[in-house]
Each structure stands twice: as C-alpha cells, then as structure tokens.
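Participant: Following this message is one structure expressed as structure tokens.
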Amino acid sequence: MKDKVIIKSFPNGITLHMDEETDFDDILEELAFKFSEARNFFGTASVALSMEGRALSPAQEILVLETIRKSSSVNVVCIVGKDEATNKKFIKALQHVE
C-alpha cells in the first residue's frame with residue numbers, strides 16, 4: 001500500500017510529501033493521524049514547512065496548517081517553496097524566532 005503522506009524532518013523544518021492521486025480529505029485525515037502519533041517526537045518545535053507531491057490551493061494549504069496545529073504542538077513559522085534564495089531567507093527568519 002502506498003503512503004498518502006510521508007513526513008520527513010530536516011534541520012529547522014518538515015517536508016510533507018503528499019500523494020497527488022489521493023483525495024484531499026484523505027490526505028488531511030492521514031496528516032492528523034501521523035502528527036498526533038508523532039506529537040512527542042516533534043514536541044513544541046518551531047519549523048519551516050515544505051509541501052511536495054501535489055499542487056495545493058491557498059485554501060488547502062491553510063487546511064494543512066490547521067490540521068497540523070490541531071494534531072500536534074508544532075508551530076509552523078513559514079511555508080518553504082522550491083526557490084532556494086527565498087528558502088534561505090525563511091530559514092534565517094526562523095532562526096531569529098527561536
């Protein structure tokens with residue numbers, strides 16, 4: 001069975017790889033389950049978040065953030081994209097929050 005969502009952590013952040021063929025509501029359900037199960041692992045970390053594997057509308061991005069917030073104590077400070085220069089600015093800003 002193929003994972004609907006794969007969560008990978010990296011320094012100062014988390015990458016969510018979401019299956020593009022899975023119904024979005026199923027993605028949210030699996031996100032809630034996985035973040036709830038990993039609550040102790042992530043603790044109260046402040047992180048940058050990268051979302052990959054499928055294109056999301058701004059409304060869907062907000063739903064992902066709300067699902068993470070409700071299912072864990074993780075504080076998503078920013079969403080990181082594919083632009084490396086922008087990502088470096090986000091990581092620098094994240095370091096000032098901590």
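Participant: Scan the stretch 47-66 and give yes if some residue there is modelled with pLDDT under 85 and in contact with a Cys (Cβ under 9 Å, 6 or more places away or on another chain), otherwise no.
Facilitator: Among the residues of the stretch 47-66, not one is modelled with pLDDT under 85 and in contact with a Cys (Cβ under 9 Å, 6 or more places away or on another chain), which makes the answer no.
Participant: Filter the stretch 61-70 down to the residues that are under 12 Å from the mean Cα position of the chain (by Cα) and more than 15 Å from Ser9 (Cα to Cα), then identify the one that is most open to solvent (accessible area, probe 1.4 Å).
Facilitator: Narrowing the stretch 61-70 to residues under 12 Å from the mean Cα position of the chain (by Cα): 61-69.
So of that shortlist, the ones also more than 15 Å from Ser9 (Cα to Cα) come out as 61-67, 69.
On the way: Glu61: 61, Ile62: 92, Leu63: 74, Val64: 0, Leu65: 53, Glu66: 70, Thr67: 23, Arg69: 143 Å².
So the residue we want is Arg69.
Participant: For Ser57, only one of the following conditions fails: (1) under 11 Å from the mean Cα position of the chain (by Cα); (2) open to solvent by 30 Å² or more (accessible area, probe 1.4 Å); (3) farther than 19 Å from Asp3 by Cβ. What is its number?
Facilitator: All conditions pass for Ser57, except number (1).
Participant: List every residue pair whose Cβ atoms lie under 8 Å apart, where the two residues are 6 or more positions apart in sequence or sit on different chains, the first residue falls within the stretch 1-22 and is within 18 Å of Leu65 (Cβ to Cβ) and touching a residue at least 24 places away in the same chain (Cβ under 8 Å), and the second residue, located anywhere, is of a type outside the set (Phe, Trp, Tyr) and open to solvent by 90 Å² or more (accessible area, probe 1.4 Å).
Facilitator: Close Cβ pairs (under 8 Å, with a partner that is of a type outside the set (Phe, Trp, Tyr) and open to solvent by 90 Å² or more (accessible area, probe 1.4 Å)) amount to Asn12/Gln95; Ile14/Lys8; Thr15/Lys8; His17/Lys8.
Participant: Quick check: is even one residue across the stretch 26-47 open to solvent by 60 Å² or more (accessible area, probe 1.4 Å), free of Cβ contacts under 8 Å to residues at least 24 places away in the same chain and in a strand (DSSP E or B)?
Facilitator: No, the stretch 26-47 has no match at all.
Participant: Residue check: is Asn75 modelled with pLDDT under 85, surrounded by 13 or more Cβ atoms within 10 Å (Cβ to Cβ) and not hydrophobic (A, V, I, L, M, F, W, C)? Please lay out each step first, then the result.
Facilitator: Numbers: modelled with pLDDT under 85: no; surrounded by 13 or more Cβ atoms within 10 Å (Cβ to Cβ): yes; not hydrophobic (A, V, I, L, M, F, W, C): yes.
The answer is no for Asn75.
The values are calculated or read from the model by the stated rules, or taken from the named source; none is laboratory data. What you see is a predicted model; the values in this text were computed from it and never measured. Please note: Cβ atoms are built from the backbone with ideal geometry, for glycine as well, and neighbour counts cover all protein chains shown. Each accessible area value is taken on the protein alone, full model and side chains, heavy atoms only, with ligands, DNA and RNA left out. Shrake-Rupley method; radii C 1.70, N 1.55, O 1.52, S 1.80 Å.
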